[in-house]
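Heads up: the structure comes next, in structure tokens.
What follows is calculated from the coordinates using simple rules that are stated; it is not laboratory data. Keep in mind the model is a prediction, meaning the values are calculated, not measured. With ideal geometry, Cβ positions are generated from the backbone for all residues, glycine too; neighbour counts draw on all protein chains shown.
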Amino acid sequence: MEEKMRILNMLSEGKISPDEAEKLLTALDVQMEQSKSAQDQNRSSQDVTPGQKFLYVQVEPKDGKSSDRVSVKVPFGLVKAGLNIAGLIPEEAQEQINTSMGEKGFSFNLKDISKDNIDEILAALEQFTVDVDTEEASVQVYCK
């Protein structure tokens, strides 16, 4: 806020033009947004217990397409407790994910995940990322 006041004071004193003030204020807003984003990332990374692993599912809509953005972060502990992974992934993306995983040598149906095979699946998921790119959205499933 102090920086904005300095820019406005320089404008009122005639030291800079209105165009220069606008550019400075825009640059300041961008800098503040980037700083806030970095702080948010630091805060979320501090919430992770060392050694704790997560399953991530991210759906990013393409420009001009659906505005639905999905970002899911599931602790492996919940997955091991029997959480239905398929329930987290949009139905239209499940088939494409299954196909993409099959192309990488890991063939299974997301709906077939059970407590009996979850450890094997989680170990395999740590080894690669699944990327699905459609006309509507980009989908990523990965673990870390």
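Amide H contacts under 5 Å for T134: V139, restricted to partners 5 or more places along the chain or on a different chain, H placed in the peptide plane at 1.01 Å from N. Taking a ≥ b ≥ c as the square roots of the eigenvalues of the alpha-carbon gyration tensor, the stretch 2-41 is classed prolate because a/c is 1.5 or more and a/b outweighs b/c. Computed from backbone phi, the HN-Hα couplings of the stretch 57-64 come to 10, 10, 10, 10, x, 6, 4, x Hz, rounded to whole numbers (Karplus: 6.51 cos²θ - 1.76 cosθ + 1.60, θ = phi - 60°; Gly and Pro given as x).
Using R0 = 35 Å, the C-beta based FRET efficiency linking Q58 and E3 works out to 0.55. Here the peptides 5-18, 130-143 are ranked by packing, the mean other Cβ count within 10 Å, and the order with the highest first is 130-143, 5-18. Cross-link pairs exceeding 26 Å in C-alpha to C-alpha distance, out of K4/K65; K53/K111; K4/K73; K4/K36; K73/K104; K111/K144, comprise K4/K65; K4/K73.
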